[in-house]
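Written out below as structure tokens is the structure these notes cover.
The values are calculated or read from the model by the stated rules, or taken from the named source; none is laboratory data. Bear in mind that the values here come from a model prediction, so they are computed numbers and not experimental data. A quick note on method: Cβ atoms are made from the backbone with ideal geometry, for glycine too, and the neighbour counts reach across all protein chains shown. The protein model used for the area step is the full one, side chains on, heavy atoms only, and it has no ligands, DNA or RNA in it. Shrake-Rupley method; radii C 1.70, N 1.55, O 1.52, S 1.80 Å.
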Amino acid sequence: MFDLDGVVYVDGAGIPGAGDTLRRLEDSGRRVLFATNNATKTRQSAADQIAAATAFVADPEQIVTSSWVTARTIAGKYHGAFVVGEPGLVETLQTEGVRTVERWEAADVVVVGLDRELTYSRLRDAALAVTVGGAAFVATNTDATYPTAEGPAPGGGAIVAALARATGVTPQDLGKPTAAYRALLAELSEDPVVMVGDRPETDLAMGKAEGWATVLVLSGVVTDPAHVDSRYTPDHVIPSIASLPDLIGV
Ligand SMILES: [Mg+2]
């Protein structure tokens, strides 16, 4: 089970050796799954990005995104969703039957993910939907940052935090490592699982919550394992995904 950003690619550029590792695992008969908190993509567009970055061809069914978990979790529960997020989140919600609305007055839920084109007016409308309209507040994830080539950029959680601050409302978080996210993963995975990630409080926390072996790669948000909170101490630390075949012997 692999996280994507910081593990398989950074900002769309493949981690050297990623494709080779993924192919060797599949060739050895192991199932490869991807679990990301990135809500900007559909499962198909995440598969496209994996293929473009690593030449590994993944089926969308192998990919769990926080946008998909959110869509599956809230489908049928609300009449209109006001979205702070990118087109991949909107499309994922609509595919799972969630009606999205453009006017905050028509929303009974506000769904928030990373939006790299965020405007103040969008944030204001989302806040009004919650405070004036009484809409529920749902976060696809609360990741503070996401890794880019230049360094950590504000993540979906930074936008969630702005809205939480403005409304005084704590959102329902559906991202990794929450129970909602893990429940969907459980439908796809089969023990024993090795969780490979770069972010301790999501990837390693999820692995520990599920009783899985955990591997920290140093190609993403953590470059010094000494900085990992002791609650999330991984079973193994490797420089990058390229070292994984040696670690597990494939
Ligand atoms: Mg990551």
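Here's the yes/no breakdown for (1) crowded, with 16+ Cβ neighbours inside 10 Å; (2) over 30 Å from THR131 (Cβ atoms):
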residue	(1), (2)
ALA166	no, no
ASP173	yes, no
VAL194	yes, yes
ASP229	no, yes
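Checked against (1) under 18 Å from the mean Cα position of the chain (by Cα); (2) buried (at least 22 other Cβ atoms within 10 Å of the Cβ), ALA135 meets all criteria but (1). Just one of the listed residues (ALA58, ALA126, ALA161) is in a helix (DSSP H, G or I), within 21 Å of the chain's Cα centre (by Cα) and of a type in the set (Gly, Ala, Ser), and it is ALA161.
When segment 186-213 is limited to residues that are over 17 Å from the mean Cα position of the chain (by Cα) and assigned to a strand (DSSP E or B), the one that is nearest to the ligand (Cβ to nearest atom) turns out to be VAL194. Considering segment 68-116, and only residues there that are farther than 13 Å from LYS41 by Cα and among the basic types (Lys, Arg), the residue that is least open to solvent (accessible area, probe 1.4 Å) turns out to be ARG72.
Every condition in (1) away from the ligand (no atom under 16 Å from the Cβ); (2) touching a Ser or Thr at 6+ places or on another chain (Cβ under 9 Å); (3) assigned to a loop (DSSP other than H, G, I, E, B) holds for THR40 except the one numbered (1). Scanning segment 16-44 for residues that are surrounded by 20 or more Cβ atoms within 10 Å (Cβ to Cβ) and within 18 Å of the chain's Cα centre (by Cα) yields a total of 10. Here ALA52 does not qualify as in contact (Cβ under 8 Å) with a residue 12 or more places away in the chain, within 16 Å of the ligand (Cβ to nearest atom) and part of a helix (DSSP H, G or I). Filtered by the rule that a residue be within 15 Å of the ligand (Cβ to nearest atom) and touching a residue at least 40 places away in the same chain (Cβ under 8 Å), segment 126-153 gives THR140, ASN141, ASP143, THR145, TYR146, PRO147, THR148, ALA149, PRO152.
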